[in-house]
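All remarks here apply to the structure that follows.
The values are calculated or read from the model by the stated rules, or taken from the named source; none is laboratory data. Keep in mind that this is a model prediction, so the values were computed, not measured. Cβ sites come from the backbone with ideal geometry, for glycine too, and all protein chains shown count toward neighbours. The accessibility values were calculated without ligands, DNA or RNA, using every heavy atom of the protein model including side chains. Shrake-Rupley method; radii C 1.70, N 1.55, O 1.52, S 1.80 Å.
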Amino acid sequence: KSIKKVKLGEGGESISRNNNNITANDGEVEEVPSPVKEDEAAKEKWRGQWRKFCGEKKKSKFKEIAIQRICLPFSVNDFYQTIVQDDAVHSFRKFMTDIGEINVDATSWQPPYDPKINHMDNTPPSKRTIHYVHPINAPMAPPTAKACKTQYFHNFGPVGLCLETCTIVEDVPMTDCFVVDDRLWVYEDENDENGCVVEVTFNIRFVKTTMFRRVIENSTRNEFNKFWGQFGDMISSLEGPHREEEPSVKKEEFEDAIMTVDEEFEEGTEKVPLSTVISLIRESSMRLSPKIKAPSSKHLLQKPQELSGEESPPSDLLKSTIAYYASSGNRFLFICTVSFLLCLNFVALRQIMTMNQLMLVLNDRLDTIAQVNKALLSKLDESDVCN
């Protein structure tokens, strides 16, 4: 970036601006910190703390995976504001009520969440409890059961967050033998600077010995996979926040370009070609234009049958496949496909003929057995008459 001179004040004092340094007419240089550099430095600090936290949690890694990986079109902070915070639009309280839980009551986060505080800096995570009544559809069990979720929220700014939950069920036999711990992981998407990734793991932890351990594990695993599966469907249906893109070109850059044009007519300053200034303004204008929103990968991965809303029967699918290969111009592939289908039909015909022959042999043997039985019965009748 070229050095630009601007006249200030009535005394003719001037300064030169070069990148983030401002040089006054007395030769002293004052460093102006860049907001972009400060944000990147803060993010790197968050990333370091996040990696440290993940390394500690790997020591007690949960083996059950409820959500493998879901990519969302909004940031980690947007996820917190939309789902985790107390007054969120799609909060856990609303979600649990929507899936059939009864009398869901959630407390507020304590201590209240502060985006400027990192819990790794000797700050404890925020905590809250969710009390609810869970309906039960199982034989020899009560229709409902009281349950409680204790949640701990670990914050790492725009880089990631972790929501740890401990679930306890009451008023049901053998539920005092175990608790369920789960972790909701949300972290920035490396492939999308405005997106995030969601993963969920859980673990069934037994606090007492019981002979029904296997039964409890299977039923509890199914319940939690169902719960988090519905949660994954809910967050996958959410769209990214409709906010205006922040301009990547600052107002100062346009002012610098205008000052450069003015400098061309000032005496004692180095002239800059007008074409250079125009190109600078043109590039800045292009960078200010809104980005075209790409279609979601979720819709791109849908099958053609899902997009059309119809399911094709196997016969129609086979016919459409043959028609496609016949009209595609690839004769070799078409011949291979038809030959393969003919071979399948031939093998199936051979199998049917073999089965028919076996059935005939079996029928003959059954007739022979029937005749033998008839002869035996006649001899038994004769012996009874003689006696």
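Before moving on, here are some points about what is shown:
- Accessible carbon and sulfur surface of the range 128-176 relative to its total accessible area, %, 1.4 Å: 65
- ³J(HN,Hα) computed for each position of the range 175-180 - Karplus, 6.51 cos²θ - 1.76 cosθ + 1.60, integer Hz, glycine/proline x: 6, 7, 8, 8, 9, 10
- For the range 66-193, with +1 on Lys and Arg beta carbons and -1 on Asp and Glu, the positive-most of 157, 185, 108 along the dipole: 108
- Full-extension gain in nm, residue 86 to residue 386, via 0.36 nm per residue minus C-alpha separation: 98.0 nm
- Separation of the residue 174 and residue 368 label points, Cα + 7 Å toward Cβ, nm: 5.5
- FRET efficiency, residue 225 to residue 338 (Cβ-Cβ, R0 41 Å, nearest 0.05): 0.40
- A Förster radius of 45 Å, combined with the Cβ-Cβ distance separating residue 203 from residue 377, puts the computed FRET efficiency at roughly 0.05.
- Point-to-point label distance, residue 348-residue 60, nm (Cα→Cβ direction, 7 Å offset): 5.8
- Counting heavy atoms of the protein chains alone, residue 113 has an accessible area of about 60 Å² for a 1.4 Å probe.
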